[in-house]
Amino acid sequence: MTAETAPEPQSQMHWFLIGARGLFSLPAIILMLSFVGFAAFTAEAKIPVGQVMFMTGMVWALPAKVILVGSMLSGAHIATAFIAVTLSSVRMMPMVAALIPEIRTSRTPTWLLLIVSHFVAITAWVFAMENVRDVPRYGRVAFFAGFGITLTITNILLVGIVYGAVSEFPPIVSGCLFFLTPVYFLTSIWISARHRVIYWALGIGLALGYLFAVIAPEYDILLTGIIGGTLAWWGERMLRRKEAAR
């Protein structure tokens, strides 16, 4: 193919719109249904709709918002709520570290990467890791920004629209909608995992999660993450050493 006949590269707006089209994907739809459940949760907690919409855009990650609302309802000190939300969001750091090298180019400004990093959560990360390699590198930041920004704005508006209606939902309906997200997260991470240590971490985490929910319910997520992740890392390291010694 000559230079005259080679196709011209698509614009950044083209790839932004392609990413925005991911709003109609299964991961995005499940997340939106989960936000309907979250709206019901906050309506029952009597949190003003304006604060819920602001929280949706600024905190973004759904588990962190649940922790924040739970802290507010329990009357926890603001410093305690801050630490709890921060610890729950630390899990995003490895996702950012894995995604950014896949989407940036040598010309991508740091400030732009910092902005799009705000939209890294499990749904966006799984969607991007599954689809971004089909996008030319020059368009990957725009592709991810299109998906992340569109998904965030849509959920902000969705929460505001359904806030009044969902307060009339039976608790079982709200609970089922809210429970869609962890089920989807678990299955998506399992399917998209590329290393066996991830399978180990998920398996150990499921077992320890039940255990700590019974014996230490106030710290179950924290203990499961630290101990389960450490055991998975240690087991993988020991196995690699044995394989290298053969």
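The values are calculated or read from the model by the stated rules, or taken from the named source; none is laboratory data. Remember, it's a predicted structure, so these values are computed and weren't measured experimentally. FYI the Cβ positions are ideal-geometry reconstructions off the backbone, even for glycines, and counts take in every protein chain you see. Just so you know, the surface numbers come from the protein's heavy atoms only, side chains and all, with ligands and any DNA or RNA stripped out. Shrake-Rupley method; radii C 1.70, N 1.55, O 1.52, S 1.80 Å.
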- Task: Scan segment 95-111 residue by residue and report those that are open to solvent by 50 Å² or more (accessible area, probe 1.4 Å) and part of a helix (DSSP H, G or I).
- Result: A97, P101, T110, W111
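Residue-wise test of (1) of a type outside the set (G, A, S); (2) in a loop (DSSP other than H, G, I, E, B); (3) more than 18 Å from M53 (Cβ to Cβ); (4) touching a Ser or Thr at 6+ places or on another chain (Cβ under 7 Å).
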{"residue": "M129", "(1), (2), (3), (4)": "yes, no, yes, yes"}
{"residue": "G148", "(1), (2), (3), (4)": "no, no, no, no"}
{"residue": "I156", "(1), (2), (3), (4)": "yes, no, no, yes"}
{"residue": "G160", "(1), (2), (3), (4)": "no, no, no, no"}
{"residue": "Y163", "(1), (2), (3), (4)": "yes, no, no, no"}
{"residue": "C176", "(1), (2), (3), (4)": "yes, no, yes, no"}
{"residue": "F179", "(1), (2), (3), (4)": "yes, no, yes, no"}
- Query: Of all residues in segment 131-152, how many are in contact with a helix residue (DSSP H, G or I) (Cβ under 6 Å, 6 or more places away or on another chain) and open to solvent by 20 Å² or more (accessible area, probe 1.4 Å)?
  - Reply: 2
- Which condition number does T42 fail, the rest of (1) within 20 Å of C176 (Cα to Cα); (2) without any contact (Cβ under 8 Å) to a residue 24 or more places away in the chain; (3) hydroxyl-bearing (S, T, Y) being met? (2)
- Query: What do you reckon, is F119 more than 22 Å from G205 (Cβ to Cβ) and under 12 Å from the mean Cα position of the chain (by Cα)?
  - Reply: yes
- Task: Considering each residue of segment 203-245, count those that are β-branched (V, I, T) and surrounded by 15 or more Cβ atoms within 10 Å (Cβ to Cβ), and give that number.
- Result: 4
- Task: Quickly run through segment 29-52 and pick out the residues that are buried (at least 20 other Cβ atoms within 10 Å of the Cβ) and either small (G, A, S) or more than 16 Å from the chain's Cα centre (by Cα) (or both).
- Result: S34, V36, G37, A39, A40, F41, T42, A43, V52
- Task: Find all pairs meeting these conditions: Cβ atoms under 6 angstrom apart; at least six residues apart or on different chains; first residue within segment 227-242 and closer than 19 Å to Y210 by Cβ; second residue open to solvent by 80 Å² or more (accessible area, probe 1.4 Å) and in a helix (DSSP H, G or I).
- Result: A232/W200
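What residue, among those in segment 67-94 that are touching a residue at least 60 places away in the same chain (Cβ under 8 Å) and under 26 Å from M32 (Cβ atoms), is most open to solvent (accessible area, probe 1.4 Å)?
Here the answer is R91.
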